[in-house]
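The values are calculated or read from the model by the stated rules, or taken from the named source; none is laboratory data. Computed from a prediction, not measured in an experiment: that's the story for all the values here. Because the Cβ atoms are built from the backbone with ideal geometry, glycine has one as well, and the counts that use them run over all protein chains shown. Note: areas computed on protein heavy atoms with side chains; ligands, DNA, RNA excluded. Shrake-Rupley method; radii C 1.70, N 1.55, O 1.52, S 1.80 Å.
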Amino acid sequence: MLNRAVFTYLLGFIVGALNPHVSFANSTKLTIYTEHFPPYNFIQNTHLTGINITLVKLMCNYAEIDCEFELLPWNRAYQMTLTSADSGLVSTARNQERASLFIWVGPLAYSKTYLYKLKSRTDIQANTMYEAARYSVSIQRNDVYADVLTKYGFNLKQNVWESSYKNQELELFFAGKIDLLIGSDITLPYQLKATGKSTDIMEQVVEVPTEK
């Protein structure tokens, strides 16, 4: 039987993370921080929902833990989980650097991640992550892909833009300020929905691993 709440990681696999510095012997209530990241976690008709939220709620009920969810910008949600007692995070990607920061439970779902380009950008040609490092991309603060990108030759000061809010990378992408967009077959339609654009104008360039 589960005696800890389950929190997800996304961007490759999906798992759960729990603050490891907290004792749950007498704790029956947890605050779970999350971000707007459809279809996994998002607000719909003023209610927090999504694939991962539904699964986590079911597991909290099964473990008889009162889980309170709070939607925040990604970087704040990540930092709050690291510093707050009785807290968890959904969704976040697991890599070697983060492995010791949380107690991980899962995976709950699976989705491959890619670098995408506009089909019209025939000037962008890459068959590997190393070749893709010739182009520019955007990530959020504390994004798991910061480490992945640098391992393959991207430079955080030269061709990786750090976005300060969700979907800013879309603004940069369609303004032609960055060449590539990070996403998956599952998340890309939701990413583009806010712009009114279709996935038909997009093309996969190369798969992005969460570990090298």
Quick query: amide H of Leu30 versus all other amide H atoms, modeled in the peptide plane; which residues come in under 5 Å with a sequence gap of 5 or more or a different chain?
Asp66, Cys67, Glu68
Would you please give the FRET efficiency between Asp66 and Asp185, computed as 1/(1 + (r/R0)^6) with r the Cβ-Cβ distance and R0 = 45 Å, to the nearest 0.05?
0.80
Where the centroid of each part is defined by its Cα atoms, how far is region 149-212 from region 83-104 in Å?
23
Under 5 Å between amide H atoms, partner at least 5 residues away or on a different chain: which partners does Val206 have, H built in plane at 1.01 Å?
Leu115
If you wrap region 151-191's Cα atoms in a convex hull and average its projection over all directions, what's the area in nm²?
3.6
Ranking request for peptides 90-99, 66-75: highest mean number of other beta-carbon atoms within 10 Å first, then the rest in descending order.
90-99, 66-75
Prolate/oblate/rounded call for region 110-212, Cα gyration tensor, a/c under 1.5 rounded
rounded
Summed side-chain charge close to Leu170 - residues other than Leu170 whose Cβ falls under 14 Å, Lys, Arg +1, Asp, Glu -1:
+2
Rounded, prolate or oblate (a/c below 1.5 giving rounded, otherwise prolate when a/b exceeds b/c) for region 30-93 by Cα gyration tensor
oblate
Obtain the nm distance between the two label points defined at Gln96 and Thr195 by a simple spin-label model: each point lies 7 Å from its Cα along the Cα-to-C-beta direction.
3.3
Report the per residue volume, in Å³, of the convex hull enclosing the C-alpha atoms of region 62-166.
147
Sorted by packing (mean other beta-carbon atoms within 10 Å per residue), highest first, where do 34-40, 115-121 land?
34-40, 115-121
With all protein chains present, region 25-97 has a carbon and sulfur share of its accessible area (1.4 Å probe) in percent of 50
Given 0.36 nm per residue, what is the gain on full extension from Leu156 to Gln168 after removing their alpha carbon distance, in nm?
2.7 nm
Rolling a 1.4 Å sphere over the protein heavy atoms, what is the accessible area per residue of region 105-144, to the nearest Å²?
50
